[in-house]
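I have placed the structure first, in the form of structure tokens, so that the comments after it can refer back to it.
What follows is calculated from the coordinates using simple rules that are stated; it is not laboratory data. None of these values were measured; they are calculated from a predicted model. Cβ coordinates were reconstructed from backbone atoms using ideal geometry, including for glycine residues, and neighbour counts include every protein chain displayed.
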Amino acid sequence: MNFRIGFGVDIHQLVEGRDLMIGGVKIESPFGALGHSDADVLLHAICDAILGAANLRDIGFHFSDTDPQFKGIDSQFLLKESFKLVKQKGYKIGNIDCTVLLETPKVNPHIEKMQVIIANLLEVDIDAISIKATRGEKMGYIGESKGIQAYCNALIFKSS
Ligand code: MG
């Protein structure tokens, strides 16, 4: 077996008047993440982790945030396309482990829904998708609800 690991991180500003999309789930919130796409911070971190594991650069390299065709785009499409690139190199996903940093609202009640969506996109069992959430304890841009951030580690493999 040929194993490789990858790491991804993403951050977005929180503003009023935007939907809050995390892991493909729309979460009720007075503010959402600002971005060119639907600004799904978790899916973006996962894209970077799997692309990084396959040494395929990052999400911005493949899907430019100035390209009008990606304006407002569902990030599930970006993850699907990123995974396609990884598959083209002969890899499958082993597992991913993510953490979302958000002060409020609570992410935990939505995690099972996110796991189902992401497992489907990455063609793995739900057990391969770990999502955790933590807060900023009222400190800094997370704690003051100015931003949302996500981290992801990914293991990919191919039989050789
Ligand atoms: Mg992003």
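The angle between the Cα long axis of helix 75-88 and the longest principal axis of the Cα atoms of the chain comes to about 20 degrees, rounded to the nearest 10. Were the residues from Phe7 through Leu85 laid out at 0.36 nm apart, the gain over their Cα-Cα distance would be 26.4 nm. Restricting the calculation to alpha carbons of segment 54-160 gives Rg and Dmax of 15.5, 48 angstrom. On the principal axes of its alpha carbon atoms, segment 1-55 extends 46, 17, 13 Å, with the longest extent given first. Between Tyr141 and Thr66, the C-beta separation translates, for a Förster distance of 25 Å, into a calculated FRET efficiency of about 0.55. Evaluated at q = 0.12 Å⁻¹, a Debye calculation over the C-alpha positions of segment 1-96 (equal weights, vacuum) places log10 I(q)/I(0) at -0.38. Averaging the sequence gap over all C-alpha pairs within less than 8 Å and six or more residues apart, then dividing by the number of residues, gives segment 14-143 a relative contact order of 22 percent. A straight line joining the Cα centroids of segment 52-104 and segment 15-40 runs 17 Å. With the dipole of the chain worked out from charges on the C-beta (+1 for Lys and Arg, -1 for Asp and Glu) around the Cα centre, which of Val107, Gly32, Gly90 lies farthest toward the positive end? Sorting the options by dipole projection puts first Gly90. Label segment 108-153 by shape, choosing from rounded, prolate and oblate, from the square roots a ≥ b ≥ c of the eigenvalues of the Cα gyration tensor; if a/c is under 1.5 it is rounded, and otherwise prolate applies when a/b is larger than b/c, oblate when it is not. Prolate is the answer for segment 108-153, as a/c is 1.5 or above and a/b outweighs b/c.
Annotation: extensible slack from Glu112 through Lys132 equals 6.1 nm (criterion: 0.36 nm per residue apart, minus Cα-Cα distance). Relative to the longest principal axis of the Cα atoms of the chain, helix 41-53 runs at roughly 20 degrees.
Cys residues of the chain that find no other Cys beta carbon under 4.7 Å: Cys47.
The stretch between Lys26 and Arg57, if pulled fully straight at 0.36 nm per residue, gains 8.4 nm over its current Cα-Cα span.
Taken over the Cα atoms of segment 64-114, the convex hull encloses 133 Å³ per residue.
Only one residue of Met21, Tyr151, Met139 has its Cα farthest out toward the positive end of the dipole of the chain, where Lys and Arg carry +1 and Asp and Glu -1 on Cβ, and that residue is Tyr151.
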